[in-house]
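Asker: Below you will find the structure I want to go over with you.
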Amino acid sequence: MPEAVKAYLDSRPRWIRWREWLVGRRYAFAAFPDRPKPLVVVAYSRRDAVKALEMVRAVEQDWAEAPQQCRAAYEEILEDAPKLVIIQFRRTNICGCLGHRHVVVKEQPFAEPHDALGGDPAGELDIAYQRVESWLALPLMDFALDAQFVAGSRLREFQAARLRLQFLSILLHEINHMVRSQEPEASIRERSLAFYRDALAQYVEDAKASLSLTIDRSFSRFERD
């Protein structure tokens, strides 16, 4: 499907593609590795390319590395999701929110169903990544895990992984809204925060298991028997 979407974008009139290029609009594609849908299209400004690629990595890598029970909680939700989910990836939102589900698709190339895209309507949301960077999803846990690292490469890796898992949990949260619009917000939030909590804890456990006590001193303390 990514090839079909790319072919569709390339088939549009040249003046439209040039206008997008001049204003800096770019598209990146991310597929969940264990399922045929949804295909995630990240729509971003070229100045935000580095962060947008972290969003792609969250879908293609961090999803696969999350514990099985985390992924199982979204099995039916992703099965019922639109084939195409658009993320308008931006720096901030005027309202201060982390992200929203859009009732109407606003990203112009995907605003109407198209034969090249399977003829089905897309789903759309936005994510304000600078808001996410300053968000503590679970403050006590975030501070406790952050304190296990000292300054250095391990701390930077942890913070990058935490941000990607925040991106991923917000994406899953909004897809949940798309397919189960009558489900209470509290239930949807509980599911997405549980995904974030358990996936982040698994990342830390895996990182600790990979350490050599004689070479790598990135953790400031270790659990005692």
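Asker: Mind listing just one residue for me: the one in region 57-73 that is buried (at least 20 other Cβ atoms within 10 Å of the Cβ) and at pLDDT 95 or above and, of those, nearest to PHE29 (Cα to Cα)?
Answerer: The selected residue is VAL59.
Asker: Quickly run through region 34-53 and pick out the residues that are touching a residue at least 24 places away in the same chain (Cβ under 8 Å), closer than 21 Å to LEU125 by Cα and surrounded by fewer than 17 Cβ atoms within 10 Å (Cβ to Cβ).
Answerer: Step one: filter region 34-53 for residues touching a residue at least 24 places away in the same chain (Cβ under 8 Å), giving 34-45, 48, 51-53.
Filter again for closer than 21 Å to LEU125 by Cα, leaving 35-45, 48, 51-53.
Hits for region 34-53 are ARG35, PRO36, SER45, LEU53.
Asker: Can you work out which of the residues in region 6-26 that are touching a residue at least 24 places away in the same chain (Cβ under 8 Å) and not small (Gly, Ala, Ser) is nearest to PHE158 (Cα to Cα)?
Answerer: ARG26
Asker: Take region 1-20 and flag every residue that is of a type in the set (Phe, Trp, Tyr) and modelled with pLDDT of 90 or more.
Answerer: Taking region 1-20 and keeping what is of a type in the set (Phe, Trp, Tyr), we get 8, 15, 18.
Listed by number, the residues that qualify are TRP15, TRP18.
Asker: Could you list, in sequence order, all residues of region 112-122 that are over 21 Å from the mean Cα position of the chain (by Cα) and not in a helix (DSSP H, G or I)?
Answerer: Those that are over 21 Å from the mean Cα position of the chain (by Cα) and not in a helix (DSSP H, G or I): GLU112, PRO113, HIS114, GLY118, GLY119, ASP120.
Asker: Moving on. Taking region 55-101 on its own, how many of its residues are over 16 Å from the mean Cα position of the chain (by Cα) and assigned to a strand (DSSP E or B)?
Answerer: Count: 0.
Asker: Could you please find all residues in region 135-191 being at pLDDT 85 or above, within 24 Å of ASP206 (Cα to Cα) and of a type in the set (Val, Ile, Thr)?
Answerer: Residue satisfying the conditions is ILE170 alone.
Asker: Which ones in region 105-130 are within 19 Å of LEU168 (Cα to Cα) and either in contact with a Phe, Trp or Tyr (Cβ under 8 Å, 6 or more places away or on another chain) or modelled with pLDDT under 90 (or both)?
Answerer: To start, the set of residues in region 105-130 that are within 19 Å of LEU168 (Cα to Cα) comprises 122-130.
Listed by number, the residues that qualify are ALA122, GLU124, ASP126, ILE127, TYR129.
The values are calculated or read from the model by the stated rules, or taken from the named source; none is laboratory data. Everything numeric in this text was worked out from a predicted model, so none of it was measured. Using ideal geometry, Cβ is built from the backbone for each residue, glycine included, and neighbour counts are taken over all protein chains shown.
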